[in-house]
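Undergrad: Let me begin by handing over the structure; questions about it come next.
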Amino acid sequence: MSIPTYLILGSPTSGRCGIARGIISSALGDDEFCGVYVSENEVPTEFDKGIASAPNAGFMRYSSPEDAAKKIAALDEKKFTQILFIGDSTKSPADNVEDFSETLKLSEGNARLARIWSVFDCSMYSMFPKETTPYFDALSHFADCVLLSRRSGVPNRDVENLKSRYEKMRHPHLFEMVDKNFQVKNPMEILVEEPRRISMFFDEYDPLDELDLDEENLPEEPFNLERKTDPYMERSRNGERLKEIPDVREFARMAREAERRKQS
């Protein structure tokens, strides 16, 4: 059997490694063992050593989709019960999803997508709502679960505005609160293998299923059976993505600096 794998998307310092450490310490049983994969482009965090030293986890760095796939293919399926795969925050959510898809294809069937978790940096949103909202739109588009992180010092109104934006859009993903120690309120809930995302990028899809055809119900006009491309994956002829996702790394940095000034 393949290993259930959770892709974790989000901006730098949003708390993804902290959340991974929290899941390992609070949600896994004694007979479980989790592999945590982190891009080599990520700045080391205070949680890395805690993950690496945990008796029920292994910490690994990857340099590319191919490198990650090679390391996943070598895992013992009988030992590893899940994988937490932290995306590369130097890339856009769409690029991360595309790279992760390639990793799954090359992993020799050793991993399968269980869910996508998108970590929302609420502090960054509160300080730069106009600039970062398109980024959060992309995270929401791909998410099965949205984890509301970095809420300390953020007005409740701002968190509710961010949450209600996607509730009004009727996005089916779950919302879970993350506390100041990066613990998820209901960790077992987000580990359930149930797709709740808008994006169908990873889904097997037969367009004939949508047509409801039978011998007495055939269309008179020609119809197109090609699957529509995910809007965040569409590219122009020169290879540029048609739906732009802003780079929020500088906003994340400024948000952390503002938080440090408040604390000093």
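The values are calculated or read from the model by the stated rules, or taken from the named source; none is laboratory data. Keep in mind the model is a prediction, meaning the values are calculated, not measured. Ideal geometry is used to build each Cβ from the backbone, glycine not excepted, and the neighbour counts take in all protein chains shown. Accessible surface areas use protein heavy atoms only, side chains included; no ligands, DNA or RNA. Shrake-Rupley method; radii C 1.70, N 1.55, O 1.52, S 1.80 Å.
Undergrad: Can you tell me the dipole magnitude for the stretch 1-149 around its Cα centre, using point charges on the Cβ only (Lys, Arg +1; Asp, Glu -1), in Debye to the nearest 20?
TA: Numbers: 13 positive and 21 negative charges, 38 e Å.
Charge dipole of the stretch 1-149: 180 debye, to the nearest 20.
Undergrad: Which number do you get for Rg(Cα) / (2.2 N^0.38 Å) in the stretch 51-112?
TA: 1.13
Undergrad: Also, quick follow-up: Looking at the chain, identify the longest residue range that excludes and avoids all chymotrypsin sites (Phe, Trp or Tyr not before Pro) in DSSP loops having at most 12 other Cβ atoms within 10 Å.
TA: The answer is 1-204.
Undergrad: In whole Hz, with x marking every Gly and Pro, tabulate ³J(HN,Hα) for the stretch 184-195 from phi via Karplus 6.51 cos²θ - 1.76 cosθ + 1.60, θ = phi - 60°.
TA: 7, 4, 10, x, 5, 5, 7, 8, 4, 7, 9, x
Undergrad: For a paramagnetic label modelled at 7 Å from the Cα of Met1 toward its Cβ, which residues of the stretch 79-93 fall within the zone defined by backbone nitrogen distances under 15 Å?
TA: Counting only backbone N, you get 79-83.
Undergrad: Please tell me the relative contact order of the chain in percent, rounded to the nearest whole number, where contacts are Cα pairs under 8 Å and at least six residues apart.
TA: Over the chain, the number comes to 23 percent.
Undergrad: Report the charge-dipole magnitude of the chain in Debye, nearest 20, computed about the Cα centre from +1 at each Lys and Arg Cβ and -1 at each Asp and Glu Cβ.
TA: Rounded to the nearest 20 debye, it is 1920 debye.
Undergrad: Here is a further query. Seen from all sides and averaged, what is the projected area of the convex hull of the Cα atoms in the chain, in nm²?
TA: Details: hull surface 68.3 nm².
Computing the convex hull of the Cα atoms and averaging its projections yields 17.1 nm².
Undergrad: Counting only protein heavy atoms and a 1.4 Å probe, tell me what percentage of the chain's accessible area is made up of carbon and sulfur.
TA: Answer for the chain: carbon and sulfur cover 47 percent of the accessible area.
Undergrad: So how long is each side of the stretch 48-184 along the principal axes, counting just the alpha-carbon atoms, biggest first, in Å?
TA: Principal extents (Cα only, largest first): 47, 30, 25 Å.
Undergrad: Would you please give the FRET efficiency between Glu66 and Asn161, computed as 1/(1 + (r/R0)^6) with r the Cβ-Cβ distance and R0 = 35 Å, to the nearest 0.05?
TA: Values: r = 41 Å, r/R0 = 1.16.
With R0 = 35 Å, the Cβ-Cβ based efficiency is 0.30.
Undergrad: What does the net charge come to around Leu84 if you take all other residues with beta carbon closer than 11 Å to its beta carbon, with K and R at +1 and D and E at -1? Kindly include the intermediate steps, with their values, before the conclusion.
TA: On the way: positive: Arg16, Arg21, Arg115; negative: none.
Here the charged neighbours net out to +3.
Undergrad: Moving on to the next point. Taking Cα pairs under 8 Å and at least six residues apart, what relative contact order does the stretch 118-178 come out at, in percent?
TA: Computed over the stretch 118-178, the figure is 44 percent.
Undergrad: Using just the C-alpha positions of the stretch 1-116 as equal point scatterers, what log10 of I(q)/I(0) does the Debye formula give at each q in 0.12 1/Å?
TA: Per q value, in the given order, log10 I(q)/I(0) is -0.36.
Undergrad: Could I ask something else about it? Between exposed GluC sites (Glu not before Pro) in the chain, where DSSP calls loop and at most 13 other Cβ atoms lie within 10 Å, what's the longest gap?
TA: Maximal segment without exposed cleavage sites: 109-192.
Undergrad: Take the Cβ-Cβ distance between Lys78 and Lys262 as r, set R0 to 35 Å, and report the resulting FRET efficiency rounded to the nearest 0.05.
TA: According to the calculation, E is roughly 0.15.
Undergrad: How big is D, in µm² s⁻¹, for the stretch 15-76 by Stokes-Einstein at 25 °C and 0.890 mPa s if Rh is the Kirkwood radius over C-alpha pairs? Kindly include the intermediate steps, with their values, before the conclusion.
TA: Working: Rh = 12.2 Å.
It diffuses with D of about 201 µm²/s by this estimate.
Undergrad: Still on this structure, I have one more. Using a Förster radius of 30 Å, what is the FRET efficiency between Lys180 and Arg227 based on their Cβ-Cβ separation? Nearest 0.05, please.
TA: 0.10
Undergrad: For a label point 7 angstrom out from the Cα of Asp247 toward its Cβ, which stretches of the stretch 93-135 have the backbone nitrogen within less than 16 Å?
TA: Under cut-off, by backbone N: 93-96, 132, 135.
Undergrad: Once fully extended, how much extra length lies between Lys105 and Arg196, figured as 0.36 nm per residue of separation less the alpha-carbon to alpha-carbon distance?
TA: Numbers: separation 91, 0.36 × 91 = 32.76 nm, distance 2.17 nm.
Length gained between Lys105 and Arg196: 30.6 nm.
Undergrad: List the residues, sorted by chain then number, that are 5 or more residues from Arg61 or on another chain and whose placed amide H is less than 5 Å from its amide H.
TA: For Arg61, whose amide H was placed from the backbone, the distant partners under 5 Å are Val38.
Undergrad: What residues qualify as long-range amide H neighbours of Ile3, i.e. H under 5 Å apart, gap of 5 or more or another chain, H built at 1.01 Å from N?
TA: Those lying under 5 Å, H to H, from Ile3 are Ala111, Arg112.
Undergrad: Divide by every residue of the chain the summed helix terms, -39500 (n - 2.57) for each DSSP H run of at least 4, and state the resulting mean residue ellipticity at 222 nm, rounded to the nearest 500 deg cm²/dmol.
TA: Details: 9 runs with 92 residues, N = 264.
The helix-only estimate for the chain comes to -10500 deg cm²/dmol at 222 nm.
Undergrad: At 1.4 Å probe radius, can you tell me the per residue accessible area of the stretch 3-98 in Å²?
TA: I get 39 Å² per residue for the stretch 3-98.
Undergrad: Related question: Which of Leu148, Ser199, Phe33 sits farthest toward the positive end of the charge dipole of the chain, with +1 on the Cβ of Lys and Arg and -1 on the Cβ of Asp and Glu?
TA: Toward the positive end, the furthest listed residue is Leu148.
Undergrad: Quick one: Karplus J couplings for the stretch 238-254, per residue in order, coefficients 6.51, -1.76, 1.60, θ = phi - 60°, nearest Hz, x for Gly and Pro?
TA: 8, x, 6, 5, 6, 9, 6, 10, x, 7, 9, 4, 5, 5, 5, 4, 5
Undergrad: Would you work out which of Phe182, Leu104, Ser118 lies farthest towards the positive end of the dipole of the chain, given +1 charges on the beta-carbon of Lys and Arg and -1 on that of Asp and Glu, about the Cα centre?
TA: Phe182
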